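Remarks on the structure that follows.
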Amino acid sequence: MFPLFHVNQLVDVSQAVSKLSVFDARLLRRIAHDVIANINTIEKWSKISSLTVAFAKLKLGHPGAWKVLCSWINANFKDAKVSDLSFAVSSCAVCNISDTIRPAAEHLAANVDVSEAPSAFVWLNTVYAIAVCRALIPKLAETVLRQEFIDQVLTNADLAKRVFLVSRIAQIQSTVECKFGDGYHGPHIKLKALLPPNKEMQKQALINQYGKIGAFDAEFFHSVLYKIAPVGTHAVEPGLTADGIFVNAIVKLDEKRHFVPVNAFTSHPSAPLAIVYLIRKHFVTTCEEEEPTRLLGSVDFGLRILRARGMEPVLFTETDMKSAKLLTQKIDVIKKKLYAASDVHGDLSIPT
């Protein structure tokens, strides 16, 4: 297929589409195919960073387009300006291309400098993207865990932004702790000190996770779940974990597949099951008929952290719930997944 757009046109169109949030599948497919057709004619890093940023804004997950973009990045990252490479790695992190881009992310981690960051917010996003791409190193984690940085990035932040920012800082801390263990000697934070776990904060965390409309779907899911695992007695209520990950509930099942009371969690040996409810916004945008769905990088990153902390994430989607028409069918969907997950054993350590 001959490209419809040449490189400069392709960059302009991609940026315009992302700015306008146009999600027409045919147009997105055309852009993705033209990226593949044009990749060998692209010579400037500025074009690559512009394309990847546009893809990230659209959350476009087209595997073929990302494959050629990542190949170009991995072949040329040593020649990139730090700013261009940072844009590219951050975009890959958004669209969950972390494994493919790891060599470039490691190069960025070794060369990025906090003193050159345009703002505390941009720096936090850069370090977070590096963590998502499995390239976090202790000296970068230290920069965002220092109290002076936290004070700066939280200046004038309303509750919604504060929950978002502190969650990301906590996830970075968790990653460096799990990856380096006693080898990390930098500062630490306590999430409860920055985000007191009151109802207002937890409600905001729910809205941050789902949006105002999606929060209603999540709360309906909770109401179904609580019919088999009552909140407070047999399920930990929805909210942020100490590592800044939003979970819809935490439960434990015994060997007879009975729900363990919350007050007996610490004495029961089974792994805690972290229940995670996902809606459309948690996945990349697809534009091909048989294109596989993929979680966004931040969502997948959270699941990695949960596993690293000894939990087993159990995923439910709005499709799961809507495909089951009757309440009894919805309950069966939840039971079957939880029963299957309770039998899962294995290495829950975080991949390095």
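Couple of notes before you dig in:
- Spin-label proximity, A215 to the stretch 268-305 - amide N less than 18 Å from point 7 Å beyond Cα toward beta carbon: 277-282
- Lysine pair number, Cα distance threshold 14 Å (strictly under), the stretch 232-343, separation 8 or more or different chains: 5
- Inter-label distance for I228 and E116, nm, one decimal - labels placed 7 Å from Cα along Cα-to-Cβ: 5.3
- Separation of the stretch 1-73 from the stretch 283-346 is 30 Å, based on Cα centroids.
- Interatomic Cα distance distribution for the chain, bins of 10 angstrom, percent: 5, 23, 31, 25, 13, 3, 0
- Using the alpha carbons alone, the radius of gyration of the stretch 48-201 stands to its Kirkwood radius in an Rg to Rh ratio of 0.98.
- Projecting the Cα atoms of H282, V314, A229 onto the charge dipole of the chain (Cβ charges, centred on the Cα centre) puts A229 farthest toward the positive pole.
- GNM flexibility winner over the chain from S267, S342, S115 (Cα, springs under 10 Å): S267
- When both bridge partners sit in the chain, DSSP labels roughly 50% of those beta bridges antiparallel.
- Modelled spin-label separation between N74 and K190, with each label point placed 7 Å from Cα along the Cα-to-Cβ direction: 4.4 nm.
- Assigned charges on the beta-carbon of Lys, Arg, Asp, Glu; the chain dipole about Cα centre (debye): 620
- Taking the Cα centre of the stretch 7-194 as reference, the dipole from Cβ charges on Lys and Arg (+1) and Asp and Glu (-1) amounts to some 500 debye.
- Dipole size of the stretch 104-214 about its Cα centre, with +1 on Lys/Arg Cβ and -1 on Asp/Glu Cβ: approximately 540 debye, rounded to the nearest 20.
- Since only H62, A131, V94 are under comparison, the one whose Cα sits farthest along the positive direction of the charge dipole of the stretch 61-147, derived from C-beta charges on Lys, Arg, Asp and Glu, is H62.
Only the coordinates and a few stated rules stand behind these numbers; no lab work does. These numbers come from a predicted model, not from an experiment. Note that each Cβ is placed from the backbone with ideal geometry, even for glycine, and that neighbours are counted across all protein chains shown.
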